Amino acid sequence: MTNNWMDIVRKKLYFQEKKVPDHIWITVQKNLPQKRKRNKFYFSIFYSGIVLIGTFSLLWFIQNVNPSNLDNSYTQKGNVKITNRGNHPILKQLQSSPDDVRLSNELQSSSINSNLVNGIKNVTFNDKRYKKEKNISQNNNANQNKNLKIANSIKREIFEPNFEAPNNIQILKAELFNMNFLPQKLGKIIIDSKEKFMIGIHTECYNFNKNQGRGFAIELYAGPGYNPYLLTAKTTESQDYRKSRINSESSMVSGIIGIRGIYTFSKIALRAGLEYQHIHEKFKYRNTNDYKVIEVYTDSQLVRKDTIYGARYLSINNYHRMLHIPISLAYEFNKGNIGYSIQPGVGLNIWSSHKGIIFDNLLRPKSVHSAGASGGEVFKTKVGIFAFMNFQVSKRISPNIKMFVEPGIMYFISTFNNIDYILNQKYISYHVKLGLNYTIR
Amino acid sequence: MDNKLLASKCLKGDQKACKELYDSYAPSMMAVCQRYCKSQEQAEDCLQDGFIKVFVHLESWNASGDLGAWIRRIIVNTCLSSLKNAKAQWVNFEDEVVMAVSVECDAVSRLGFQELEELLLKMPIGYRTVFNLHVIEGYGYDEIATMLQITESTCRSQMHKAKNCLAKKITELQPEVKYAV
């Protein structure tokens, strides 16, 4: 019984609650531990991997477009694959007497049918997205005479700078071309006088695409943007505050820059990358109760002090800097040399920093600087998800490089503000990206 | 939100979850701090330091246990450290013969939270700490002795003295109530 009154004391005091001053949370928040290092570690490994893959791909690309490496198995558009070139009978003769080449009947037929053309006999011909494979050796006898003339003509076209084949031979060549065994126009053989034959054949032939529409590419882009925001009041009391913010802030021209990898299969392209977005706004404020104190000193002695009252106009640049991971699945199609692509996608903002001044709920200018770990009171340091839609028009400027223009729109599904803030602030971003597309393979 | 989920979100650095956890427990912990500390400023400092410790060591919380009790223990320990730094004096009553006293339950029931708290705060800091730890938090004398680095008998004597003191104060507040021996 003696402890009963203490039980009552306990019950009364144990669950008691007291009002907590706001400043305690602010201090606690500043001292909150950072996100677990393990996540950062995986994150950095992931992006280091992407950068490494990109670098190696670029190096591989650069190495393979070097003309000195065009000797064996280069089948990009504009080039013809020639196998076993070093043992080619024509070249053997050229080595012995390059100025006096005579093709024997045996050599003519075999060179065209078995050797020179055999070099490209098993090519994949890609016109209107279908492939054909043929073997010319089945038609050797029937075309022997025709091929003899063509062989002579081809030989002279290759080795004699000013030679132009007669019309009848051009027709025969065109027939052979139509059978998909011969490039439309042959280039000249470049003979290295030192001892080695270097062949650089530049033709305007079809694209011998072995990848059946699959490929990898990298895109680099940058461009201007305009980012108006949508402000909604959470309560009716905050409507006036919302209007004040809208009237005091205006969107300015901003920018976007990024890199992304593309995997293409048929007409579908998957894009993923890293994008930096810079949103620029202007905050204008008129302080009608501003004052300025002017102190006049003579020999370090204050002799006069004037206070001037008036209005001061402030114009502050506000910035939102953000890093996104955009992922899109695009439909692509070509019309001639121009490519088109429609890219719907989603993205995740993984980092954002905010700097500037806005009104607080008492309509006083307030700093919203949020760089660093603690984050600001108004804006988030990780905004969240957004959806976007881009439309790309591209033009091929070299076998591996395309130039593109890409207007697009982004809508931030997540709000920029923290949950405690009395308004909801979402952004719509309009932008035009200009960039280059490097086809790796 | 479930405490387990809330804690895991806090560990991932989710500031919203941290705020939610703080808002859930801060008011009750503020009351705890005020009961232990000498002043409002000291109580606020203890609450702040205590919650920083909570978030820093949240990983060590055993998810099967009660999160509220775990936070309370950290806050109480923070308050005790603060008192220790402020050099609170523990009076040894080993030689004194202490008579156990009691008051009627009705008298205590009639008291409001505010009055009861005021009476508690009027007690000397040493009595108050032992009373808080034993009666409110439910620690045993051996545990209190370890926490305060005093002997168990000192704990007991402080507790008896604290009870007497509080009973006296309740009686003074309500003269019609007599405390029983």
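The values are calculated or read from the model by the stated rules, or taken from the named source; none is laboratory data. Worth saying up front: this structure is predicted, and the values here are computed from it rather than measured. Cβ placement follows ideal geometry from the backbone for every residue including glycine, while neighbour counts extend to all protein chains displayed. Remember, those area values only see protein heavy atoms, side chains included, never the ligands or the DNA or RNA. Shrake-Rupley method; radii C 1.70, N 1.55, O 1.52, S 1.80 Å.
Of the cross-linked pairs A:355/B:12; A:19/B:12; B:12/B:53; A:305/A:366; A:18/B:12; A:19/B:9, those separated by over 18 Å at the C-alpha level are A:355/B:12; A:19/B:12; A:305/A:366; A:18/B:12; A:19/B:9.
Projected label points at residue A:342 and residue A:272, each 7 Å from Cα along the beta carbon direction, are separated by 2.5 nanometres. Amide hydrogen proximity for residue A:433: with H placed 1.01 Å from N in the peptide plane, the residues at 5 or more positions away or on another chain lying under 5 Å are A:406, A:408.
Note on A:19-32: average number of Cβ atoms from other chains within 10 Å of each residue's Cβ is 6. For the pair segment A:405-431 / segment A:229-283, the C-alpha centres are spaced 4 Å from each other.
The contact between chain A and chain B removes approximately 3700 Å² from the accessible area (both sides summed; 1.4 Å probe; ligands, DNA and RNA excluded). Shape annotation for segment A:299-441: C-alpha extents along the principal axes are 82, 41, 27 Å, from largest to smallest. Converting phi to 3J(HN,Hα) with the Karplus coefficients 6.51, -1.76 and 1.60 and the offset θ = phi - 60°, segment A:218-223 yields 10, 10, 10, 8, 7, x Hz in sequence order, with x at every glycine or proline. Using 0.36 nm per residue and subtracting the Cα-Cα separation, the extra length available between residue A:314 and residue A:422 on full extension is 36.4 nm. The gain in end-to-end length when the residue A:302 to residue A:236 segment is fully stretched comes to 18.5 nm, 0.36 nm per residue minus the alpha carbon separation. Interface burial in segment B:7-54 reaches 50 Å² or more for B:12, B:15, B:16, B:19, B:22, B:27, B:44, B:48, B:52, comparing the full protein assembly with the chain by itself; accessible area from heavy atoms with a 1.4 Å probe.
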